[in-house]
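Before any comments, here is the structure.
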Amino acid sequence: MRCRDAYGYELTTGPLAADAYVDGIRDLLRLRTGAASRIATAIALDPTFALGHAALALLGHEMCVEVDIAARLADARLHAGRATERERSHVHAVERHLVGDSAPLVAHLAAYPRDALLLSVAMPTIAFAGVTDVPEQAWRIVEDAAPAYGDDPWITGLMAFVRQEQRRFDEAMELSCRSLAAEPSGGHAAHARAHAHYETGDHAAGLRWMDGWITGDGAATDSLTHFSWHAALHELSIGDLAAVRARYESQLHPRQAVGCRALVDTGSLLFRWAITPDAVDVPPVAEVVAVTGRDVLERPGTAFLGLHAAVALLATDDRPGLRRLATWCAGHPNPTHREVVAPLATALELLAAGRCSAAADRLAALASSTWRLGGSDAQREIIEEARIAALLRAGRYDDARQVLDARLDRRESPRDRIWRAGAGIPILAG
């Protein structure tokens, strides 16, 4: 009997390796712990299994899993020759994606919509940065593939994330709750719900739910620090800095992070915390930098990692590092590295140098392009936060007020109201 994956596609391997791979992909799609080790087990059981090698290369590139990416890609190419047409297409799509060419992956999904791993790659979420610079294209890829899955709770959770990105928050909440009712530990559905709470300013209810999920149904989640980051964003928004400190110590300390999560979650939280009004004794970002490593900080594999690398380098006042990052990204074959990450690093280097007004102007010029970095609105918002800090340090209070007012129109935030008042701007009733 031929081996098949969870969605019916044939796997060119034996039953033991197939079982390990299917388990690993299942856990990866649901953001559970142990996915990479299960996939590694699959290729240990069958070193000729092309999809196992390709999956590990993908995880090394996107999630900083410690694998030899070049070796895994070479083995995937070598053994794809004995595999099915779908598997050969899958390997080719992964190989091209890792050098910034998403066209083969998009074409692959049109032909094989139930290739769930690559569909997950296509949509910027916790695990992956996405494959297109245009959010609407990523949404359309998922929407086009969704009917092939029926009422599968995983696709329902992924669709919930699409809907919150489209700012259709009521639909996102309904879909996420439906998915969680069927699969309470589902990471994508929980992630979509977290965003829906945050983007609507529903901080108290969002924090209560997230705390319960982190210690309950979501406790086995691999990316748990990201959900803790979501909870901390609520606490920052409310202005409960003591709670942020307690959460950092118990859930977000760099020593507890996996892969790139220390950079993406802990590093970004520490930066936002440090520029929050009345924040004192914020832990340094230096330990995040230490566990991340210079290669990721100055030669990030994705533009999304480049965003967070630039913020961490700013937070540690590493102007030479920011210049090296900008120079490396400026010569990168990926246009988003060149056109967004490089000028972002240059703008933040200006801020580190005390040229706050010029930095604010550079960040404002990038505002219409930051969606190209991947990730979510809540993550990319850190660039807006840096701009506000730059405006306030430059004494440009009217400009800061305009940015803060636009944020308050988008959602309620006691932190933003305090920030507004701290700039000598009267707080509006709300």
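The values are calculated or read from the model by the stated rules, or taken from the named source; none is laboratory data. Source: prediction; values computed, not measured. Heads up, the Cβs are rebuilt from the backbone with ideal geometry, glycines too, and the neighbour counts pull from every protein chain shown. Note: areas computed on protein heavy atoms with side chains; ligands, DNA, RNA excluded. Shrake-Rupley method; radii C 1.70, N 1.55, O 1.52, S 1.80 Å.
Here are some notes:
- Residue count for the stretch 244-269 satisfying the condition of being surrounded by fewer than 21 Cβ atoms within 10 Å (Cβ to Cβ) and within 16 Å of S413 (Cα to Cα): 0.
- Reported count of residues in the stretch 127-137, each being at pLDDT below 75 and open to solvent by 10 Å² or more (accessible area, probe 1.4 Å), is 6.
- A single entry from R294, R372 fulfils the requirement of being over 18 Å from T276 (Cα atoms) and touching a Pro at 6+ places or on another chain (Cβ under 9 Å): R372.
- Across the stretch 108-147, the number of residues qualifying as among the hydroxyl-bearing types (S, T, Y), in contact (Cβ under 8 Å) with a residue 60 or more places away in the chain and in a loop (DSSP other than H, G, I, E, B) comes to 2.
- Of all residues in the stretch 194-221, those that are open to solvent by 50 Å² or more (accessible area, probe 1.4 Å) have Cβ atoms under 6 Å from Cβ atoms of residues that are at pLDDT below 95 and assigned to a strand (DSSP E or B), 6 or more apart or on another chain, in A220/R32.
- Search result, residues across the stretch 111-126 that are open to solvent by 40 Å² or more (accessible area, probe 1.4 Å) and of a type in the set (D, E): none
- Residue count for the stretch 34-76, restricted to those that are in a helix (DSSP H, G or I), at pLDDT 95 or above, of a type in the set (V, I, T) and open to solvent by 30 Å² or more (accessible area, probe 1.4 Å): 1
- D101 being open to solvent by 20 Å² or more (accessible area, probe 1.4 Å) and part of a loop (DSSP other than H, G, I, E, B): yes
- The stretch 209-264, residues that are on the phi > 0 side of the Ramachandran plot and under 15 Å from the mean Cα position of the chain (by Cα): G259
- Number of the condition not met by A18 [criteria: (1) assigned to a helix (DSSP H, G or I); (2) within 20 Å of the chain's Cα centre (by Cα); (3) not charged (D, E, K, R)]: (2)
- Which listed residue is closer than 28 Å to H195 by Cα and under 23 Å from the mean Cα position of the chain (by Cα), from L109, L56: L109
- Being among the acidic types (D, E) and assigned to a loop (DSSP other than H, G, I, E, B) is a condition met by at least one residue of the stretch 312-329.
Table: residues versus (1) touching a strand residue (DSSP E or B) at 6+ places or on another chain (Cβ under 7 Å); (2) open to solvent by 10 Å² or more (accessible area, probe 1.4 Å); (3) part of a helix (DSSP H, G or I); (4) among the basic types (K, R).
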residue	(1), (2), (3), (4)
W229	no, no, yes, no
L233	no, no, yes, no
F271	no, yes, yes, no
P300	no, no, no, no
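- Scanning the stretch 330-343 for residues that are open to solvent by 10 Å² or more (accessible area, probe 1.4 Å), assigned to a helix (DSSP H, G or I) and in contact (Cβ under 8 Å) with a residue 24 or more places away in the chain gives P335, E339.
- Within the stretch 138-154, considering residues that are open to solvent by less than 10 Å² (accessible area, probe 1.4 Å) and either at pLDDT below 85 or within 25 Å of D265 (Cα to Cα) (or both), the one nearest to the chain's Cα centre (by Cα): A138
- Restricting attention to the stretch 19-33, the residues that are farther than 20 Å from D152 by Cβ and open to solvent by less than 30 Å² (accessible area, probe 1.4 Å) total 1.
- Residue satisfying all of: in the stretch 170-187; under 19 Å from the mean Cα position of the chain (by Cα) and at pLDDT 95 or above; surrounded by the most Cβ atoms within 10 Å (Cβ to Cβ) among these: S176
- Look at (1) within 28 Å of M63 (Cβ to Cβ); (2) touching a residue at least 60 places away in the same chain (Cβ under 8 Å); (3) over 20 Å from the mean Cα position of the chain (by Cα); (4) open to solvent by less than 20 Å² (accessible area, probe 1.4 Å) and you find that L322 fails only one, number (2).
- Of all residue pairs spaced 6 or more apart or on separate chains, those with beta-carbon atoms under 6 Å, a first member in the stretch 279-291 that is free of Cβ contacts under 8 Å to residues at least 60 places away in the same chain and a second member that is open to solvent by 40 Å² or more (accessible area, probe 1.4 Å) and in a helix (DSSP H, G or I) are V282/A274; V285/A315.
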